[in-house]
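Enquirer: The structure that follows is given in the form of structure tokens.
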Amino acid sequence: MEIKTYLNEQRLVVEGALEKYMPAAEVENGLFSVHIEAMRYSLFAGGKRIRPILCLAAGEAVGARPSLETDLLPIACALECIHTYSLIHDDLPAMDNDDLRRGKPTSHKLYGEAGAILAGDGLLTWAFDLLSNSEKSKLLPEKRLAIIHLIARAAGSLGMVGGQLLDICHENKEFPFETLRAIHRNKTGALITASILAGGIAAGADQAQREALRRYGEQVGLAFQIVDDLLNATSTTAQLGKAAGSDACRGKATYPGFFGIEATRQKAGAAVAEAESALNIFDAKADPLRAIARYILTRSH
Ligand code: GRG
């Protein structure tokens, strides 16, 4: 399997499902149309869809059948809604104050700050609407609840939100490497790990499989963030579609800041190797997960 083909095919599957599950602009006779347009603007701005694809691939590793795949899709889409909300809010003037994301103006540049805040709020809330909607998927209530709890925990104060706050509070400050690990683990790693575990749980993973997927998720999340740090330090704005070199400008501590570029590359490679070894209990159905881990090392944006 060629990983780029796989990622492309899965991205289209996710995008088709997002089209299907997002509210239509004409809800309430079009009264909310600008708000829905703002949500859709960021949701369809060209993201890689890594979190939903990881969710689907984890389901595949556990042996999801085609009928179950349709139950995985609302979860995959909910994860992308949460991720997109986090990017919209991260770009706001009160946070990173970025004008460009994925090569396009950020949400607040087009819809104003209130419009962008509400687009993010709408996406976050829509994610839980999707996850809890028993008309969209046929998951057993117990599984559904476990997945909702897992994702809520990962996205909230003890996960991504907490990590974002830690990150902001430590700008322009010196701190130990352990703090950087905590920032990354929460800001980036928590939602990635939850995406993988949610796919596994939906597909019926047993305890050993869940533990293996959790270990894989933690290492893939770490590799993803290390590569993000590397790209921020070494790429151009045109290559990234967002401000390059912004970490250094904002006084953010990063892996290259602690270890230099070469040692950082090695650490990303080591995390990917760890991620692959966590999958030893799975057969060839986990090959997409293995290939995604390796792909993360080579991504260019
Ligand atoms: C505002 C609660 C809140 C959280 C923001 C996601 C985030 C937390 C901040 C964005 C800044 C950043 C570099 C986060 C690390 C995670 C990361 C690499 C996000 C970008 O994810 P990709 O590469 O983005 O999957 P695409 O554009 O492909 O969707």
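Enquirer: Too long at a 27 Å Cα-Cα cut-off: which of Lys109/Lys267; Lys143/Lys187; Lys187/Lys267?
Expert: Lys109/Lys267
Enquirer: In nm, to one decimal, how far is the Arg210 label point from the Arg250 one, both placed 7 Å along Cα→Cβ?
Expert: Result for the modelled spin labels: 3.4 nm.
Enquirer: A further question on this structure: So, for segment 3-298, what is the accessible surface per residue at a probe of 1.4 Å, expressed in square angstrom?
Expert: It amounts to 44 Å² per residue over segment 3-298.
Enquirer: Now for a separate question. Rounded to whole Å, give me the distance from the Cα center of segment 199-260 to that of segment 39-107.
Expert: 15
Enquirer: Another question, then. If you wrap a convex hull around the alpha carbons of the chain, what volume per residue comes out, as a whole number of Å³?
Expert: 122
Enquirer: Most mobile of Gly241, Gly200, Gly30 per a Gaussian network model of the chain (Cα springs, under 10 Å)?
Expert: Taking springs between Cα atoms under 10 Å, the residue moving most is Gly30.
Enquirer: Moving on. What percentage of the solvent-accessible surface of segment 136-219, computed with a 1.4 Å probe over protein heavy atoms, is contributed by carbon and sulfur atoms?
Expert: 58
Enquirer: Okay, moving on. Roughly what would the spin-label model give for Ser134 and Glu178, points 7 Å off Cα along C-beta, in nm?
Expert: Each label point lies 7 Å from its Cα, and together they span 4.6 nm.
Enquirer: To the nearest 0.05, how large is the calculated FRET efficiency for Lys104 and Glu2 if R₀ is 25 Å and r is the Cβ-Cβ distance?
Expert: The pair Lys104/Glu2 has a calculated efficiency of 0.35.
Enquirer: Which peptide among 190-198, 205-213 comes first, and what is the full order, when sorted by highest mean count of other Cβ atoms within 10 Å?
Expert: Ranked by mean Cβ neighbours within 10 Å, highest first: 190-198, 205-213.
Enquirer: Taking every pair of distinct Cα atoms and averaging 1/r, then inverting, what Kirkwood hydrodynamic radius in Å comes out for segment 92-136?
Expert: 11.8
Enquirer: If the cut-off is a Cα-Cα distance under 23 Å, which lysines reach Lys4, setting aside same-chain residues fewer than 8 apart in sequence?
Expert: Hits, sequence-local ones excluded: Lys48, Lys242, Lys285.
Enquirer: Got a sec to turn the phi values of segment 79-95 into Karplus ³J(HN,Hα) couplings, 6.51 cos²θ - 1.76 cosθ + 1.60 with θ = phi - 60°, whole Hz, x for Gly and Pro?
Expert: 4, 5, 4, 5, 4, 5, 4, 5, 5, 4, 5, 4, 7, 4, x, 6, 10
Enquirer: By the gyration tensor of its Cα atoms, with a ≥ b ≥ c the square roots of the eigenvalues, what is the shape of segment 1-126: rounded for a/c under 1.5, prolate for a/b over b/c, or oblate?
Expert: prolate
The values are calculated or read from the model by the stated rules, or taken from the named source; none is laboratory data. What you see is a predicted model; the values in this text were computed from it and never measured. Quick reminder, even Gly has a Cβ in these numbers, built from the backbone with ideal geometry, and neighbours come from all protein chains shown. Areas reflect the complete protein model, heavy atoms only, side chains present, ligands, DNA and RNA absent. Shrake-Rupley method; radii C 1.70, N 1.55, O 1.52, S 1.80 Å.
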